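Contents: one structure, followed by commentary.
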Amino acid sequence: MLEINNLHVELEEEDKAILKGVNLSIKAGSVHAIMGPNGSGKSTLAYVLSGKGGYEVTEGSAKLEGVELLDMEPEERAAAGLFLAFQYPVEIPGVGNMTFLRTAVNAQRKARGEEELSAGDFLKVVREKGKALQIGSEMMKRPVNVGFSGGEKKRNEILQMAMLEPKMCILDETDSGLDVDAMKLVSEGVNALRDAGRSFLVITHYQRLLDHIKPDFVHIMANGRIIKTGGPELALEVEQNGYADILTEVA
Amino acid sequence: MAQLQAKQDALSARISGLDLCREGWTASLRADALTRLSAMGLPGKRDEYWRYTDPSSLTAVEAAPAAPFIAADEKMVFSGIDRLRIVFVDGVFDADVSDDLEMAGLEISRLADAADQHWARDVYGVLETQGQTPVQRPLAALNTAFATDGILIRATGQAKMPISLIYLHKSDTSDVILHHCIKVESGAELTILENGPAAARFNSVMEVDVADDGRFHHIRTQGRDHDRRAATHLFGRLGQESSFKSFTLTANGRMTRNEAVIEFTGDDAIAHVAGAAIGDGAFHHDDTVFVTHGAERCESSQVFKKVLKNGAVGVFQGKILVKSNAQKTDGYQISQALLLDGDSQFLAKPELEIYADDVQCSHGSTSGAIDEGALFYLRSRGVPEREAQSLLVLAFLAEALAEIEDEVLAEDVRIGMENWLARHGGA
Amino acid sequence: MTAMPKVETEVREGVDRETVETVEAMAGKYKHGWETEIEMDFAPKGLNEDIVRLISAKNEEPQWMLDWRLAAFARWKEMEEPDWAMLEYPKIDYQDIYYYASPKSMQDKPKSLDDVDPKLLATYKKLGIPLQEQMILAGVEGAGEVPAEGRKVAVDAVFDSVSLGTTFQAELMKAGVIFCSISEAIRTHPELVQKYIGSVVPQSDNFFATLNSAVFSDGSFVYIPPGTRCPMELSTYFRINAENTGQFERTLIVCDKGAYVSYLEGCTAPKRDTNQLHAAVVEIVIMEDAEVKYSTVQNWYPGDEDGVGGIYNFVTKRADCRGDRAKVMWTQVETGSAITWKYPSCILRGDDSQGEFYSIAIANNAQQADTGTKMIHLGKRTKSRIVSKGISAGRAQNTYRGLVSMHPKAKDSRNYTQCDSLLIGDKCGAHTVPYIEVKNNSSRVEHEATTSKVDDDQLFYCRSRGMDEEEAVALVVNGFCKEVLQSLPMEFAMEAQALVAISLEGSVG
């Protein structure tokens, strides 16, 4: 599904290297988790894959189903099936949540040569998918993320994911700012989307999210590289001992 | 002194070719206006009130030519709305394409042929005169003196559909002065729509006297012609518990100065003045608003948004004046500009002048580029850049558009905005 | 600067018990309204070229300085007094003013403060200004940054047209800092003065600045050499004493590369029933990576309850951030003067330079204030912040007037302006006149302003806890001003807080 090969990234403004040769291969239907201390480059990886400005790729490639992602505009990446659930979802005053979602869904359908959803059909699907995430019509009427609580924002991200049906989902610290109930709700939303044709890359600090969203592989990232890869047991090890042991072991 | 002399000389030159109508009920009102005007002269570049807008093209002896813009397959706004149409072609009333000037609850007549003992005596030039202090508005006095046509509407009940003033621009050199008077009697309600490119140069005054409990709605779109120049004045006088709501969309036009001068004379009244301006290239757009609170517990709001690109210039001068008797005033004012490229400019002077203590008044003004974070968020969800920009531009303008109460009319204006954005390469 | 009550805790909270205590301690009307009886040397009343020559001669100035003054005077004669401010006052007769007044005892130019007439020294003692080279007591200081032995503040004391002397000069010299009266600097450091005077506020900048350029008699001069953090706070204390005398001081501060200085300014005058003119100029030059903080507590005599007497205060203050990353912060507490016309400005010329303006302007009784700032963004990534708190009471008129200008080349710059007005009583006025000029799209400008009255619920809450109305108002107003008070150096914050309360006396009931 996703093949990242020797990816090097610098900040455009500061000439500072953030990613120093990331290699990662994600097969269709699998769930990978990335853990690591602050500043290790986890969020940068998510942003670079989705095409955020301000970063310069100096080396390497990232292919989604064999197609180079790094040459594409953000919206092309989305149409190709990549989705990033933001750590800090952006507030857009004046744009209704419903309008936002419909514009996005139809833009992607158009890009893929599919017919746009009619207003009626769209509404039906949103209602149905919103229900599971406890997102009612009131929340859909409000401007995108404006005045949303932390939990509401994250649920809204998952609803977008459910509506857009991407192939490759990146969850950037989706657990941050969530209480136990909200985490459960969000995780159920994610688990409902797991299937053989869809892969996940879950970026998190904590093991607790991985209790809900069970990963197939866990990677430890530090100083711009993936320094260790293992199964779910690696996350437990981090939870118990922190990163220090792994860092010294690798160094 | 030398400055005043120059302004008076400019006035003499400007009016030398104009006829002062000396017959009928407006004759004395026009003569008074000319006296006011002669004392002021025409506005000059050095006037504080014209700090950000050069009045010379509005005051020049001759109007600069402007070709009418033909939008191939685009319908004019309001065309699908049930309305009574009153059409002016290059400033001249055209009975053939207008509807009959009759509707239950309304008295409508043309300024050019209104009978002698007319109700509009108490309105024509009267609100304009009051609006001359504390700030002079010579172009409005010029209008009162030399208007060639206009419409006089008195509402005594609930008008069943809007009155639509449609201005068609046919001649490249049309130089038009129109003066309208509106009287909304106690308990009556009226909606006025105005649209169209009007003329190569357009000077209009609308005086609106709203009696106690009266309700007045005004929705205006000015647009299309790239080179037309316009100076408009909207005067409002509000009685007790009355309401006045005005919205203007301006798209294109080389020079537009829209002044709104609102005075509360009765308690518990509401006035909202709003505007959205979208300009590309040689576009200078000036909203100048002056709201005077002279009564208690009145609410006023000014919401102005401008989207500017390719060197377009947006100006906002807004003032809330609260007199010492106007306790419990609620005054709000916001002016915001979205600059889509580095060549555009936003110049603002949002003022408060307050002499009563028990008031809540606030204003805000912001200027900046499109929100890159929001743009990326939209694109990451698959929305192409141009579409994402348009969406954000419309969202930016939404607060002003929300001032249109009628949803059907608001949707019509919104489509007008979308068409403009589409015509001008997205945002 | 005045004798301060000893308090244990910091005055960091805008509304706290100390405010009330301080207010109580400072009870009484304008407290600096007494006069020093002393023999004066006056130049003849009125203004002409001879007076300009005389002032220059009294200061033993070089020819270039006299020429500069004369050029300014010639220009001034052609200028008209500006009338755009929201101020109403009778026409000033510029020929009915003394342009030079100096205590007779100062004619011999005392070598040091020890030689100055004891009467004059007593004046400053009474005002609470330390002219002995003493430590400010640690007990009145705020945070722990104060060394155990106390903190030093150097003072230049200006009495009518002349500087009496400057404290701590020797110690400052050791650090390479020049701090003296401007008349002395013209004699001792002419190359520095000639290079910088008029370079921020040009000779013919505006009517009042031009008048000042012609007739300024004294003021302070500061030079901080590269990389030097000025070892103590510097201050100038201006006192107008003689009747019918104008004060025209001129201050020039040059902060060289990487240097830092905090400068304080205080002003008082006796009670008189005639108006007196004060037209000052302050110029600040800030080089690369340098920083200047300039704090003013302006407490000129405001006139009586009926608007009789008081100082007409027309001041031009401007800082030029010439180098990259230069920083300036203006803080002003304007409580005095019958008329205030003052717009301390920042020219943000260097890339990444920063300007800040914090202001409290209180107008009570018949006072009128028209004050604000200008932020001129020229360099890239420049930042400015404006926080203005205006309080109107009695029959006073208080106007904030400001300009934020983003030039086309000032890419990626920011401005934030917060401008709040408070009205106490229904006979006063509060006005806001901001000009916002944005000529590039990568900069972000935000302006917010509010006007309201003192919150009844807050007043009631205070009174239900036993405060009388005046105390309650002082408390609430101090809370309203908190953000600005916090930006003042500790000594000034105390004085300013007390002044806020005093200025509002008689505003309720």
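Structure notes:
- Isotropically averaged projected area of segment C:352-397, using the convex hull of Cα atoms (one quarter of hull area), nm²: 3.1 nm²
- Peptide A:93-100 shows a mean partner chain C-beta count of 5 within 10 Å per residue C-beta.
- Per residue, the convex hull spanned by the Cα atoms of the protein assembly as shown measures out at 203 cubic angstrom.
- Remark on residue C:260: its backbone amide H falls under 5 Å from those of C:228, C:229, C:230, C:291, a criterion applied only to residues 5 or more positions apart or on other chains, H modelled at 1.01 Å from N.
- The distance between label points at residue B:48 and residue A:240 comes to 7.7 nm (points 7 Å beyond Cα on the Cα→Cβ vector).
- Contact order relative to length of segment C:17-503, as percent, for alpha carbon pairs under 8 angstrom and 6 or more apart: 11 percent
- Simple label model, 7 Å out from Cα along Cβ direction - residue C:274 to residue B:171, nm: 6.8 nm
- Considering only A:192, A:28, A:107, the mean-square fluctuation computed in a Gaussian network model of chain A, springs between alpha carbons under 10 angstrom, is largest for A:192.
- Placed amide H near residue A:60: partners under 5 Å, 5+ positions off or other chain: A:8
- Residue A:212-residue B:74 FRET efficiency (beta carbon distance; Förster radius 56 Å; 0.05 resolution): 0.60
- Net charge of Cβ neighbours under 11 Å - reference residue C:319; Lys, Arg +1; Asp, Glu -1: +3
- Model label zone, residue B:38; criterion: amide N under 12 Å from point 7 Å along Cα-to-beta-carbon; scope segment B:1-31: B:12, B:31
- Cleavage-rule hits, GluC sites (Glu not before Pro), segment C:292-398, DSSP coil, Cβ neighbours within 10 Å at most 16: C:305
- Sequence-distant contacts, meaning Cα pairs under 8 Å at least 6 residues apart, place the relative contact order of segment B:1-125 at 26 percent.
- In sequence order, segment B:32-38 has phi-based couplings of 4, 4, 5, 4, 4, 5, 4 Hz under the Karplus curve 6.51 cos²θ - 1.76 cosθ + 1.60, θ = phi - 60°, and Gly or Pro positions carry x.
- Two-site FRET efficiency, residue A:233 against residue A:141, from Cβ-Cβ distance with R₀ of 56 Å, rounded to 0.05: 0.80
- The value for chain C of Rg(Cα) / (2.2 N^0.38 Å) is 0.92.
- Computed from backbone phi with θ = phi - 60° and the Karplus coefficients 6.51, -1.76 and 1.60, the 3J(HN,Hα) list for segment B:152-158 is 10, 10, 10, 9, 10, x, 8 Hz; x is used for glycine and proline.
- Order of C:341, C:84 under a 10 Å beta carbon neighbour criterion, fewest first: C:84, C:341
- Using a cutoff of 8 angstrom between alpha carbon atoms and counting only pairs six or more residues apart, the relative contact order for chain B works out to 11 percent.
- Its alpha carbons considered, segment B:184-239 gives a radius of gyration followed by a Dmax of 13.7, 41 Å.
- Rounded to the nearest 0.05, the FRET efficiency derived from the C-beta distance between residue C:170 and residue C:79 at R0 = 45 Å is 0.60.
- Spatial separation of Cα centroids for segment A:184-237 and segment C:171-201, in angstrom: 67 Å
- Choice from B:386, B:297, B:85 with maximal GNM fluctuation in chain B (Cα, 10 Å cutoff): B:386
- Euclidean distance of C-alpha centroids, segment B:187-214 and segment B:238-284, integer Å: 11 Å
- Listed by chain and number, the aspartates and glutamates whose C-alpha is less than 19 Å from the C-alpha of residue C:119, apart from same-chain residues fewer than 8 away, are C:35, C:37, C:39, C:41, C:108, C:133, C:156, C:160, C:243.
- Comparing Cα centroids, segment C:329-389 and segment B:298-348 end up 23 angstrom apart.
- Qualifying chymotrypsin sites (Phe, Trp or Tyr not before Pro) in segment A:143-216, where qualification requires a DSSP coil assignment and no more than 16 other C-beta atoms within 10 Å, comprise A:206.
- For chain A, radius of gyration divided by Kirkwood radius, i.e. Rg to Rh on alpha-carbons: 0.96
- Packing-based exposure ordering (other Cβ within 10 Å, fewest first) of B:79, C:388: B:79, C:388
- More than 26 angstrom apart: percent of Cα pairs within segment B:2-371: 49 percent
- Residue C:46 long-range amide H proximity, modeled H, under 5 Å: C:97, C:98, C:99
- Calculated from backbone phi, Karplus (6.51, -1.76, 1.60) coupling profile of segment B:81-93 in Hz, x at Gly/Pro: 9, 5, 7, 9, 8, 10, 10, 10, 9, 6, x, 10, 4
- Label zone (residue A:73, point 7 Å along Cα-to-C-beta; backbone nitrogen cut-off 18 Å) within segment B:392-415: B:392-394.
Read-outs: derived from the displayed coordinates by stated rules, not from any lab. Being a predicted model, the structure only gives us computed values, none of them experimental. For neighbour counting, all protein chains shown are included, and Cβ atoms are generated from backbone atoms with ideal geometry for every residue, glycine included.
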